[in-house]
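Step one of this worksheet: look at the structure below.
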Ligand code: NAD
């Protein structure tokens, strides 16, 4: 339909409608004035947060942890730990409240009670009820006031299939109850529920489109059928951006099925803060025309702005949301217009607390003469009561979104509402600001020019964002293409040439061992000698090559890897059984190593000078000689790349001996180095037997540096061998050995269990536990032990185990038959010392081991002490935080560690006392990023400084200091010298 009204008329009408709404709303003064008048503590909390940003953050964090604190003393302790901190200015009421000496004193208890009551009152303002009877009461009241409603059930994050089934069942029950108990009366009073797609399937993942679609659609069919028998309407909420495209795809497909195609009591949601939402609305309109029967689109601005923005920055992805609120507001108006102009196919639900946005929608609806029933306004419960009433009084249908549920799962909802209510850019906050001119507030949103410029991606290579369909497609294509290249022959590469060997070994796909990924020529000891000689010969030339040229070689390698990103990931999926996302992360890490070490070497190349009158002192770095790099299979690209390019950029000639199970990927690295132009002799690729080539290379008198990553036993042997002076050897060898770990994550009572369970599952079972950083011990405090363990087991059970290339797979195979048998041996042994809490059947072909959980594991036993390097997690019970920390430190390793806690004093203690090279707080313990989290451990986890960190390259360099006396006969230039 063509709009017959000009923008000017819309604008004039908008202003008039808005003024009228505001006049109606101002009956009882602004909401802030009312807050002040009421002056309850919960109201004060809100006003304080708006005047003091430091306090705002701390208060919200405290509110977040509050439901997990079980005693008044604990609450009192956290009140002090969160609020009595530097940088937070406390209003006098709070200062008084916090003025107690001991958390378990009487004043402490009073403080705890007062604060808890205030937060609970605050929560009840936004949550329509904690139980069904309460929610029914709320609905009755809304009905009396002529408001329609939609009910949303608050829940914990769905991370287990049990929870996903439970969610469906609870909604079926809820609909039945609502249908039975809500009287049909006013036009808008038809029962409506709002649901979230991700809650129907715990493994919902855009990368696994078909798998997620099958599971979710199945459950949605049950939901929609039940709704129909009851006459209940269903609205689908929209969640984070990553789920947006697949959510729309699933809903569009489902609603085209003959059974559902005629249904008109169904709605979907679009978020105007997304840059691509206008396009999505277009697509939805076209689709709705094709479908025939109209649906409702709820247009909202979007509730995850902070989260989307933080994620985009951390991952280096383009920001999916507009960075300025005004741009969102403007887009909201554009979308409102498009939606209303198509009211024949899509009915509109305008969800906003912004008077202008609502007024504009009304102005357009009036002009377009949209029949009632095709247009309604929506607000969130407790957020804009006066606006809702004013809209209703002016004859519009208003629907209130009513979340209901218990306080703990409700906390994240409450925090989202508080953030919105107190954000500087929020209409709600602005409308209450002192002296804010209404005209300015109601003026058309002005979009700043820079809004159109996407924020610059940071230094790190970004993993593919599978919210983008084309990237999913590329990954799929790459896999197909690599599969057509399987079984080829790879040769050692020595002195610039492929060197044919007498024997070859297949490298196989651990998901399907009958498939050979490639045939790898096995280098002999003679070839190792040739490689050594070539490296030695090339060294003087390479050492003299300007740093700039060496650094540029690395940058070319990085570029080639970036070009071949999907292909390299596909090789990893097939050769070592990594799932797609893990493989993607690894390509990014390899690229980062190249770019980072290139920059680092240029930084180091300057050295430093300490000149004074008559004397110059120059500190400069020089290459050492020949570097032997021995790499493991578990990070088959990133680790050899990191070690090799570090050796090359520092001017050392290098021999790479890769691990046999990943020799083909290492050959791809060699290929890329050649393509990037590495000179003959500077780099050699030497696949072959580790137990023969390894000792030969490491004991060789011409070797200067050994960069090893692998097991503790091999690392220690290399360290010992390297110390022995060989005949003819005129130097001592430098050994960098990154070895194993027995990494623990502590979960205390204040932990966010949604986060802790998901984080431990990811850390323990990502890549089947075959990461040196993997969590193999969960050390859990008594108070949360049972709850944690139960969810942990259910969440782990929900993971799909299968061939790595299947996008629905969370856990692929282990690397080899030997590895599998070795792990199974530990599991058998573990049965004697702990309780086997989870072991599932696994596919028979392929080297699969079930994700395995042992509970009540003794902290000194085999399961808790030895690196198993597979999907085996030992859960250990601790009585106190002190004990947990002692258990965590009680191993020979010190690689990674984790803590889930929202108790500031525990976090501080862990920072000081947790003996690990990399400590992760409130996140998973794997996936270190170059420069951001330089990686490596101490104790028996390794010797040397951190990969991807500022000290790493120093290990490949020999510093020299040149001192020159520049004084001649008592004369020396003194200009520019510090005297
Ligand atoms: P591994 O020790 O069996 O093999 C590592 C490499 O050493 C392979 O290339 C192998 O061929 C070679 N090798 C074997 N025997 C040798 C010998 N006698 N002399 C010289 N080289 C020899 O380890 P893996 O199974 O490939 O890798 C898993 C281990 O690596 C785990 O212990 C894990 O914790 C560790 N790892 C540590 C880090 C870290 O950064 N700290 C990173 C990844 C892996």
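The values are calculated or read from the model by the stated rules, or taken from the named source; none is laboratory data. Being a predicted model, the structure only gives us computed values, none of them experimental. In this analysis, Cβ positions are derived from the backbone assuming ideal geometry, glycine residues included, and neighbour counts consider all displayed protein chains.
Candidates 487, 496: the one that is on the phi > 0 side of the Ramachandran plot and touching a helix residue (DSSP H, G or I) at 6+ places or on another chain (Cβ under 9 Å) is 496.
Looking only at the stretch 680-707, residues that are closer than 25 Å to residue 541 by Cα and touching a strand residue (DSSP E or B) at 6+ places or on another chain (Cβ under 9 Å) come to 16 in all. Does residue 934 qualify as being under 22 Å from residue 740 (Cα atoms), buried (at least 19 other Cβ atoms within 10 Å of the Cβ) and touching a helix residue (DSSP H, G or I) at 6+ places or on another chain (Cβ under 8 Å)? Considered against the rule, which asks whether it is under 22 Å from residue 740 (Cα atoms), buried (at least 19 other Cβ atoms within 10 Å of the Cβ) and touching a helix residue (DSSP H, G or I) at 6+ places or on another chain (Cβ under 8 Å), residue 934 comes out as yes.
Mind counting the residues in the stretch 365-384 that are farther than 15 Å from residue 394 by Cβ and part of a helix (DSSP H, G or I)? Looking only at that region, the number is 1.
Count of the stretch 552-590 residues, restricted to those that are over 20 Å from the mean Cα position of the chain (by Cα) and not in a helix (DSSP H, G or I), is 2. Taking residue 187 as the residue in question, decide whether it is surrounded by fewer than 17 Cβ atoms within 10 Å (Cβ to Cβ), at pLDDT below 95 and closer than 25 Å to residue 299 by Cα. Spelling it out, residue 187 is indeed surrounded by fewer than 17 Cβ atoms within 10 Å (Cβ to Cβ), at pLDDT below 95 and closer than 25 Å to residue 299 by Cα. Residue 779 falls short on exactly one of the conditions (1) within 16 Å of the ligand (Cβ to nearest atom); (2) under 30 Å from residue 877 (Cα atoms), and that condition is (1). Hey, can you tell me all the residues within the stretch 875-897 that are buried (at least 24 other Cβ atoms within 10 Å of the Cβ) and within 16 Å of the ligand (Cβ to nearest atom)? Matches in the stretch 875-897: 891, 893, 895, 896, 897.
When the residues of the stretch 675-695 are filtered to those that are more than 10 Å from the ligand (Cβ to nearest atom) and part of a loop (DSSP other than H, G, I, E, B), the one that is nearest to residue 561 (Cα to Cα) is 676. For the stretch 696-710, which residues satisfy the criterion of being without any contact (Cβ under 8 Å) to a residue 60 or more places away in the chain and away from the ligand (no atom under 14 Å from the Cβ)? If the condition is that a residue be without any contact (Cβ under 8 Å) to a residue 60 or more places away in the chain and away from the ligand (no atom under 14 Å from the Cβ), then 701 is the only one that fits. Among the residues examined, residue 719 qualifies as more than 7 Å from the ligand (Cβ to nearest atom), more than 22 Å from residue 530 (Cβ to Cβ), in contact (Cβ under 8 Å) with a residue 60 or more places away in the chain and part of a helix (DSSP H, G or I).
Conditions tested, residue by residue: (1) closer than 12 Å to residue 291 by Cβ; (2) modelled with pLDDT of 95 or more; (3) surrounded by fewer than 17 Cβ atoms within 10 Å (Cβ to Cβ); (4) touching a strand residue (DSSP E or B) at 6+ places or on another chain (Cβ under 7 Å).
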| site | (1), (2), (3), (4) |
| --- | --- |
| 226 | no, yes, no, no |
| 243 | no, yes, no, no |
| 246 | no, yes, no, no |
| 249 | no, yes, yes, no |
| 261 | yes, yes, yes, no |
| 266 | yes, yes, no, yes |
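The residue list 763, 773, 713 contains one member that is under 19 Å from the mean Cα position of the chain (by Cα), within 30 Å of residue 652 (Cα to Cα) and either touching a residue at least 60 places away in the same chain (Cβ under 8 Å) or within 16 Å of the ligand (Cβ to nearest atom) (or both), which is 773. Restricting attention to the stretch 137-168, the residues being surrounded by 17 or more Cβ atoms within 10 Å (Cβ to Cβ), within 26 Å of the chain's Cα centre (by Cα) and part of a helix (DSSP H, G or I) number 5. Take residue 392 and decide whether it is part of a loop (DSSP other than H, G, I, E, B), modelled with pLDDT of 80 or more and crowded, with 17+ Cβ neighbours inside 10 Å. No. Considering the stretch 915-925, and only residues there that are part of a loop (DSSP other than H, G, I, E, B) and farther than 15 Å from residue 747 by Cα, the residue that is farthest from the chain's Cα centre (by Cα) turns out to be 915.
Here the condition is being more than 16 Å from the ligand (Cβ to nearest atom), in contact (Cβ under 8 Å) with a residue 12 or more places away in the chain and within 38 Å of the chain's Cα centre (by Cα); of 672, 655, 665, it holds for 672 alone. For the stretch 608-626, the count of residues that are touching a helix residue (DSSP H, G or I) at 6+ places or on another chain (Cβ under 8 Å), touching a residue at least 24 places away in the same chain (Cβ under 8 Å) and within 16 Å of the ligand (Cβ to nearest atom) is at least one.
For the condition surrounded by fewer than 24 Cβ atoms within 10 Å (Cβ to Cβ) and either within 21 Å of residue 18 (Cα to Cα) or in contact with a strand residue (DSSP E or B) (Cβ under 7 Å, 6 or more places away or on another chain) (or both), residue 381 does not qualify. Within the stretch 474-494, the set of residues being over 16 Å from residue 657 (Cβ atoms), part of a loop (DSSP other than H, G, I, E, B) and in contact (Cβ under 8 Å) with a residue 24 or more places away in the chain comprises 486, 487. The single condition among (1) within 16 Å of the ligand (Cβ to nearest atom); (2) touching a strand residue (DSSP E or B) at 6+ places or on another chain (Cβ under 6 Å) that residue 827 does not meet is (1).
Looking at the stretch 796-809, can you tell me whether even one residue there is more than 16 Å from the ligand (Cβ to nearest atom) and within 30 Å of residue 74 (Cα to Cα)? No, the conditions are met nowhere in the stretch 796-809. Among residues of the stretch 722-754 being within 14 Å of the ligand (Cβ to nearest atom) and assigned to a strand (DSSP E or B), the one that is surrounded by the most Cβ atoms within 10 Å (Cβ to Cβ) is 743.
The set of residues in the stretch 591-618 being part of a helix (DSSP H, G or I) and loosely packed, with under 14 Cβ neighbours inside 10 Å consists of 603 alone.
Residues that are closer than 14 Å to residue 175 by Cα and under 35 Å from the mean Cα position of the chain (by Cα) within the stretch 210-226 comprise 220, 222, 223, 224, listed in sequence order. Annotation: residue 822 fulfils all but one of (1) part of a helix (DSSP H, G or I); (2) over 30 Å from residue 943 (Cα atoms); (3) within 16 Å of the ligand (Cβ to nearest atom); the unmet one is (2).
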